[in-house]
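Asks: Handing you this structure, nothing more for now.
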Amino acid sequence: TATAVIAVDGPSGSGKSSVSRGVARELGLRYLDTGAMYRAITWAVLRDGVPASDPAAVASAACSASLEWSTDPDESWIRVDGVDVSRAIREQSVTSAVSAVAAVPEVRALLVDLQRGAVRSALAVEQGIVVEGRDIGAVVLPDADLKVWLVADPGVRAARRAAEDAAAGRAHVTSSESIAADLARRDAADASRAASPTTQAEDAVVVDATHLGLAEVVAAVVGLARERM
Ligand code: C5P
């Protein structure tokens, strides 16, 4: 199982991060959060005062930012130009702008290269990896050993995100209705963009987390992974 490559994709708030981290821990794999990479580039764009609606300016800001990240499932962090932005990338300003930034083809090309490089580095030291995102199974890693498409009903996703925000002490959170509206807006933007929209890979296994707890979803994905190894 040590060199398995597992792609976990799905809409916002389906529990991809917690599930992916849990699976990586259980199977002794590395973990890559590609949403955090898009968020970190968005943080750099906002830091530089670049409007997210200007694709050329976004592309040039993205290309001049330098990213470093951890693939340790027990110690996640991400840095932009040496600054740890792990908390800052969860702020509302970043969340509101990330879909526009992620729709810029140059941004995607840059990050897809970094993502494939991270997988190659893990495999080079005989480590497998769980890679979480929107287009991992369909575009970034078409040869992944297991592709999971993680879904949950919208109400459940909004309630989960609200609980996460509250636990992390993020003060901007008002109600799970406004979170639901925000998730719906991002999902629509991510699914309808021209460049690599959120897509379910043809050979992905659908896991519906609506009626399952975290441990049950992790166990289901670990079971699927073991079947393939
Ligand atoms: O997963 P998370 O909600 O942190 O992702 C933030 C945003 O990054 C998504 O709404 C999407 O616009 C973008 N994203 C993407 N492709 C990925 C991962 C994230 O476009 N593989």
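Read-outs: derived from the displayed coordinates by stated rules, not from any lab. What you are looking at is a predicted structure, and each value in this text was computed from that prediction instead of being measured. Backbone-built Cβ (ideal geometry, glycine too); neighbour counts: all protein chains shown.
Asks: Using the scaling law 2.2 N^0.38 Å as the reference, what is the normalised Cα Rg of region 52-159?
Replies: Values: Rg = 15.3 Å, N = 108, 2.2 N^0.38 = 13.0 Å.
Taking the Cα Rg and dividing by 2.2 N^0.38 Å, one obtains 1.18.
Asks: Treating only the Cβ atoms of Lys and Arg (+1) and Asp and Glu (-1) as charged, compute the dipole magnitude of the chain about its Cα centre; round to the nearest 20 debye.
Replies: So the dipole magnitude of the chain works out to roughly 200 debye.
Asks: Among residues other than Ser196 whose Cβ falls under 11 Å from its Cβ, what is the net charge (Lys/Arg +1, Asp/Glu -1)?
Replies: Charge balance near Ser196 sits at +1.
Asks: What does the charge dipole of region 1-119 about its Cα centre add up to, to the nearest 20 debye, if the Cβ of each Lys and Arg holds +1 and the Cβ of each Asp and Glu holds -1?
Replies: Approximately 220 debye in magnitude.
Asks: Here is a further query. Could you work out the relative contact order of the chain, using alpha carbon pairs under 8 angstrom and six or more residues apart, expressed as a whole percent? Mind dumping the intermediate values first?
Replies: Working: 385 pairs, mean separation 75.9, N = 229.
Once normalised by length, the contact order is 33 percent.
Asks: Pick out, in residue order, every one of the trypsin sites (Lys or Arg not before Pro) in region 47-146 that is DSSP loop and has at most 12 other C-beta atoms within 10 Å; say none if there are none. Can you show the working numbers first?
Replies: On the way: sites: Arg47, Arg79, Arg87, Arg90, Arg108, Arg116, Arg120, Arg134; in loops: Arg87, Arg134.
The qualifying sites are Arg87.
Asks: Mind checking region 161-229 for GluC sites (Glu not before Pro) that DSSP puts in a loop (not H, G, I, E or B) and that have at most 12 other Cβ atoms within 10 Å? Please report the intermediate quantities before stating the final value.
Replies: Numbers: sites: Glu164, Glu177, Glu202, Glu216, Glu227; in loops: Glu202.
Qualifying residues, ordered by number: Glu202.
Asks: Please state the equivalent ellipsoid semi-axes for region 64-124: what are the square roots of 5 times the Cα gyration tensor eigenvalues, largest first, in whole Å? Mind dumping the intermediate values first?
Replies: Working: eigenvalues 84, 58, 21 Å².
Here the semi-axes work out to 20, 17, 10 Å.
Asks: Set Lys and Arg Cβ to +1 and Asp and Glu Cβ to -1, take the dipole of the chain about its Cα centre, and tell me which of Ser196, His211, Ser60 lies farthest positive.
Replies: Final value for the positive-end residue is Ser60.
Asks: If you project the alpha carbons of region 1-98 onto the principal axes, what extent comes out on each, in Å, largest first?
Replies: 44, 27, 22
Asks: How large, in Å, is the chain by the Kirkwood hydrodynamic radius built from its alpha-carbon pairs?
Replies: Kirkwood hydrodynamic radius for the chain: 17.7 Å.
Asks: Rounded to the nearest Å, what's the spacing between the alpha carbon centres of region 155-229 and region 43-71? Just the number, please.
Replies: 25 Å
Asks: How large is the helix-only mean residue ellipticity at 222 nm for the chain, computed as the sum of -39500 (n - 2.57) over DSSP H runs with n ≥ 4, divided by its residue count, in deg cm²/dmol to the nearest 500? Don't jump to the answer; show the numbers that get you there.
Replies: On the way: 8 runs with 112 residues, N = 229.
About -16000 deg cm²/dmol.
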